[in-house]
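Notes follow the structure.
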2 protein chains.
Amino acid sequence: MVTSTRRGPYVCGIDAGMDVVSGKWKSLILWELNNHGIRRFGELRRGLPGVSEKMLIQHLREMEEDGLVHREMYREVPPRVEYSLTEHGTSLNEALRPLGEWGTRRRERLAAEDALTSTSPAAPRQASPTMPVHPGQAIV
Amino acid sequence: MVTSTRRGPYVCGIDAGMDVVSGKWKSLILWELNNHGIRRFGELRRGLPGVSEKMLIQHLREMEEDGLVHREMYREVPPRVEYSLTEHGTSLNEALRPLGEWGTRRRERLAAEDALTSTSPAAPRQASPTMPVHPGQAIV
DNA sequence: TTCAATACTTACCCGGAAGTTAGTGTCCAG
DNA sequence: CTGGACACTAACTTCCGGGTAAGTATTGAA
């Protein structure tokens, strides 16, 4: 079972909160659904560059089980499935906002450090040109 | 190096925030240091039941490298090392508070569900259907 | 007839996170 | 003189999260 190690006995709230977002794409799925309201499976896949179908579903299933996302299936041909955030998902997303803002400040700090460390401090732009990018990973 | 996969190119702030707390004990270390201000290595180990010395140090090192914790070493015999949060560590802890509160609410929900789901063999106070289940204090 | 699109499912594999165990040097209590 | 406290370090092993690739059923389009 996927949920074998999850829902463990939590020692505090942060444990319980971290647990539901632990997963490479969970927070991005949350963000994507929060921004678009309703998304089909394929839309989500295309909206998260680099995610594999297997992981997308696995994460969506876990988040559904955790009561974060709602799954609506229409028995059509071709099949259509719509995902959206539940009330809990929306509130989780809001609870993550301060962390996101903290991370944004951290990114800015790192970019500034990189700009200083680089040999020629010519371009201290916020989008650091020295930042390594590997194919398949989009910079948003 | 431990930091091989870390500090990857982040797609958004949440990525950058999640990265520094990804690690089984990171958030608990943060919590522990935030509560006590200053803690020695052994105190931290005893304060986090189940952590291995290897993981404790590895996490402390990474957090030090990320600018979250400060490490003060006193060349005494026996050796003494004191850990504390930096300004960034403190602000990260505050940024995590909403998530912690969300998690606490989730724990309460889960506890309530468990209370309903179980056939109430252990501690079913009263079977009054009108009685709201209120777990109150967190089970730490 | 073959291909694309839809939303998955299944099998296999790899790398890294985490666990286990042992060892370091110095001092003091027993 | 043996052991423990202290703060680590190192070697080895296990486990599992995530990636890759192929297969499923259906229909319409080329």
Cα→Cβ-extended label distance, 7 Å offset, between residue B:45 and residue B:90, nm: 2.9
Dipole-positive endmost among B:93, B:12, B:27 within the stretch B:11-110 (Cβ charges, Cα centre): B:27
Dipole moment magnitude, nearest 20 debye, the stretch B:11-110 about Cα centre, only Lys, Arg, Asp, Glu C-beta charged: 500
Ranked A:83, B:74, criterion: other C-beta atoms within 10 Å, fewest first: B:74, A:83
Would you list, by chain and number, the lysines whose Cα falls below 20 Å from the Cα of residue A:26, excluding same-chain residues fewer than 8 positions away? A:54, B:24, B:26
Could you check the spin-label model distance between residue B:76 and residue B:97? Points 7 Å from the Cα along Cα→Cβ, value in nm. 3.3
Hey, could you get me the Stokes-Einstein D for the stretch A:11-110, Kirkwood radius over alpha-carbon pairs, 25 °C and 0.890 mPa s, rounded to whole µm² s⁻¹? 171
Would you tally the net charge around residue A:89, using a Cβ to Cβ cut-off of less than 11 Å, leaving residue A:89 out, and scoring K and R as +1, D and E as -1? -3
Which net charge results for the neighbourhood of residue B:47, defined as the other residues with beta-carbon distances under 13 angstrom from its beta-carbon, given Lys and Arg at +1 and Asp and Glu at -1? +2
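Throughout, read-outs are computed from the coordinates displayed, never taken from laboratory work. Please read all numbers here as calculations on a predicted model, not as lab measurements. Glycine also receives a Cβ, built like all others from the backbone with ideal geometry; neighbour counts cover every protein chain displayed.
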